[in-house]
1. Just checking, how many residues over the range 73-97 are free of Cβ contacts under 8 Å to residues at least 40 places away in the same chain and in contact with a strand residue (DSSP E or B) (Cβ under 6 Å, 6 or more places away or on another chain)?
2. Scan Asn116, Asn145, Asn153 and give me the residue that is surrounded by fewer than 15 Cβ atoms within 10 Å (Cβ to Cβ) and more than 17 Å from Phe104 (Cα to Cα).
3. So which residues in the range 157-188 are crowded, with 17+ Cβ neighbours inside 10 Å, under 12 Å from Leu101 (Cα atoms) and of a type outside the set (Asp, Glu), if there are any at all?
Amino acid sequence: MRADKDTAIDSGLEVVARKAALHCVFGTPKAIPMRTFSLLGAALFVAVLACPAGAASPAAAASPSVTLNGHPYTVEIATTPAQQEHGLMDRTSMAADHGMLFVFPDSQPRTFWMKNTLIPLDILFFDASRHLVAIQANAQPCKANPCQLYPSNTPARYVLELNAGTAATLGAREGDVITLSGMPSGTQ
């Protein structure tokens, strides 16, 4: 049964090759040995396997990131109400070069709290022009109500949460500008 399938496939490929030759070459078409198709197919297969998954789409491989005072941070993006409500809750740690960026559709005063957040954070508020307008440094975890509130006291469109102490290490201050890179569409 297998030999019959191979013969049928080989015959079909030879017909396709002849038709292709008629469209591409002047003169009498010459038969292309099936070995050539097998070698080409094998080479193509190996080439596809050798390519990294992101090579076809470099933009897809780029993780969202922000840069503040020359320091890049890979960020998770919170744009939906559910993502924004959950934030960094239940995390026991976060890499030093990571954070979470909350992107809101408008600018208005924002208030955050640390309910069920297990790690202390710096909360940095940015306006629509991406200028730092407020810092709530070293916001502490909260396990039970009432939890302390951390307001921006001024309109903010972006809020960046980083590990506690990062803002001081960076020397972050009001007026600093954040740069966004690799952001999903609609988040800038």
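1. 5
2. The match here is Asn145.
3. Arg157, Tyr158, Val159, Leu160, Leu162, Ile178, Leu180, Met183
All of the numbers you see were taken from the coordinates with simple rules; none came from a lab. Nothing here was measured: the structure is a model prediction, and the numbers come from that model. Ideal geometry is used to build each Cβ from the backbone, glycine not excepted, and the neighbour counts take in all protein chains shown.
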